[in-house]
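The values are calculated or read from the model by the stated rules, or taken from the named source; none is laboratory data. This one's a predicted model, so the numbers in the text were calculated from it and none came from an experiment. All Cβ positions, even for glycine, are placed from backbone atoms using ideal geometry, and neighbour counts span all protein chains on display.
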Amino acid sequence: MKPSLRARGTLKDVANAVGVSHTTVSNAFNRPDQLSPKLRETIVAAARSMSYPGPNPAARMLRTGFARAIAVVWTDPMPHAFEDQAAASFLAGVAEACAERRLGLLLVQGGESSSRSVQAAAIDGLIIYSMPKNDSTLQMVADRALPTVVVDQPIIPNIPFVGINDRAASRACAQHLKTLGHKRFAIVSLRLGTDGYRGFVEPERLKNACFELSLRRIEGYLDVVGRNGSNSFAKIWECPHSLEEEGGIAAENLLKLNPQPTAILAASDRLAIGAIETARRHQLRVPEGLSVVGFDDIPAAKLITPELTTTNQPLREKGHLAISSLLDGNGPLRRKLPAKLVIRHSTAVCPAESESHSNLRKPSG
């Protein structure tokens, strides 16, 4: 059983027992490099015997004005941070950068139900991660008036932004397929709204999209396969979550189209993997009968058969750059990291064009 608060010793009690100053005891917990290992162990042992837990963090914050902690805030349910490889890689980068600077890291779920968490968190700055532009959390963050950085979305005037050029990256994906001779495309999109919609996307829904990243990726695809009187064929299916099963549902519906698409542009690797698995169940070979391109280059992209052609974006570096932008306060307002198309084995020359494209470069990796 834990001792009561009354039974616990104080910093003064530990200092008297060891015969050192209050500052020396404080340094044993907060600046251990200031003491010899032997002295620190003596102090810690005395504190342990008195059930003294160390200096009160709340009191230290009141004294210094700093919590020595950063919060990452997003809309998705908290398990997403640990289950989604792209989100987990980004968070790993944030955690590494925080550890280098001896900062704590707090994860906060945004939205109406978490307003208390955002408003009450003892933090020195916030990272908004991939939020819709109409999320109520944005106003709560603004009310805190703390240093803030946005990662991926939304773009907010005068607030530092870290991300990639999603439109250009998705344009490169579509151009790769077009070069391979494909003319019938299908797009598997990340969510455009917060209403949980799943299905084909009409122009009005694109116009009212509140997830800017999803819209930028679609626009990049359409720049190549669906604008300026192009005779290309492109249908868009929206998924409410970036999950393999959602990519499978999308493929089930898209492969029923007549004419059937010969290429799928998926806005995440997880959606692309789900599409490949569904094509396999329908005895449709990838890439011979259907080419598939993903986005993110998560570890699973190289584990699936065939290995996935995708866009590599530096997810961990995003986390490091977000902390640097938040704390250092220098550099451009909009920081965009490089992304590159990684050609593997899930894309091939369109069957109808295979002869005329026989000399195209083979996949790498």
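Within segment 96-120, restricting attention to residues that are in contact (Cβ under 8 Å) with a residue 40 or more places away in the chain and surrounded by fewer than 18 Cβ atoms within 10 Å (Cβ to Cβ), the residue that is farthest from ASP297 (Cα to Cα) is ARG101.
Listed here are the residues, each with its yes/no results for (1) small (Gly, Ala, Ser); (2) within 16 Å of ALA67 (Cβ to Cβ); (3) over 15 Å from the mean Cα position of the chain (by Cα).
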| site | (1), (2), (3) |
| --- | --- |
| GLU100 | no, no, yes |
| VAL108 | no, yes, no |
| ILE123 | no, yes, yes |
| LYS133 | no, no, yes |
| ARG144 | no, yes, yes |
| ASP152 | no, no, no |
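Somewhere in segment 312-326, is a residue at pLDDT 95 or above, buried (at least 21 other Cβ atoms within 10 Å of the Cβ) and more than 22 Å from ASN165 (Cβ to Cβ)? No.
Tell me, which residue of segment 4-52 that is small (Gly, Ala, Ser) and not in a helix (DSSP H, G or I) is surrounded by the most Cβ atoms within 10 Å (Cβ to Cβ)? Spell out how you get there, then give the answer.
Of all residues in segment 4-52, those small (Gly, Ala, Ser) come to 4, 7, 9, 15, 17, 19, 21, 26, 28, 36, 45-47, 49, 51.
Now narrow it down to the ones that are not in a helix (DSSP H, G or I): 4, 7, 9, 19, 21, 36, 51.
Details: SER4: 8, ALA7: 9, GLY9: 18, GLY19: 9, SER21: 10, SER36: 9, SER51: 13.
Among those residues, the one meeting the criterion is GLY9.
Residue-wise test of (1) touching a strand residue (DSSP E or B) at 6+ places or on another chain (Cβ under 8 Å); (2) polar (S, T, N, Q).
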site	(1), (2)
GLU83	no, no
ALA92	no, no
ALA95	yes, no
GLU100	no, no
GLY104	yes, no
ALA121	yes, no
SER136	no, yes
MET140	no, no
VAL151	yes, no
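Could you tell me whether ILE304 is within 22 Å of ALA279 (Cα to Cα) and at pLDDT 90 or above? Taking the combined requirement at face value, the residue satisfies it. Across segment 77-90, not a single residue is classified as buried (at least 18 other Cβ atoms within 10 Å of the Cβ), closer than 21 Å to SER324 by Cα, modelled with pLDDT under 95 and of a type in the set (Ser, Thr, Tyr). Can you spot a residue in segment 167-184 that is in contact with a Gly (Cβ under 9 Å, 6 or more places away or on another chain), among the hydroxyl-bearing types (Ser, Thr, Tyr), in the same structural domain as VAL342 (by TED's automatic domain parsing) and surrounded by 17 or more Cβ atoms within 10 Å (Cβ to Cβ)? Within segment 167-184 (the criterion being in contact with a Gly (Cβ under 9 Å, 6 or more places away or on another chain), among the hydroxyl-bearing types (Ser, Thr, Tyr), in the same structural domain as VAL342 (by TED's automatic domain parsing) and surrounded by 17 or more Cβ atoms within 10 Å (Cβ to Cβ)), the answer is yes, since at least one residue qualifies. Counting only strands (runs of 3 or more DSSP E) wholly contained in segment 275-354, the ones carrying 3 or more residues that are touching a residue at least 24 places away in the same chain (Cβ under 8 Å) and more than 25 Å from GLY181 (Cα to Cα) occupy 334-337. Given the condition farther than 30 Å from SER346 by Cβ, among the small types (Gly, Ala, Ser) and in a strand (DSSP E or B), answer yes or no: does some residue in segment 97-109 qualify? Yes, because at least one residue in segment 97-109 is farther than 30 Å from SER346 by Cβ, among the small types (Gly, Ala, Ser) and in a strand (DSSP E or B). Report yes if LEU321 is hydrophobic (A, V, I, L, M, F, W, C) and outside the structural domain of LEU243 (by TED's automatic domain parsing), otherwise no. Considered against the rule, which asks whether it is hydrophobic (A, V, I, L, M, F, W, C) and outside the structural domain of LEU243 (by TED's automatic domain parsing), LEU321 comes out as yes.
Residues in segment 145-199 that are acidic (Asp, Glu) and part of a loop (DSSP other than H, G, I, E, B): ASP152, ASP195.
Scanning segment 2-22 for residues being at pLDDT 90 or above and among the hydroxyl-bearing types (Ser, Thr, Tyr) gives a total of 1.
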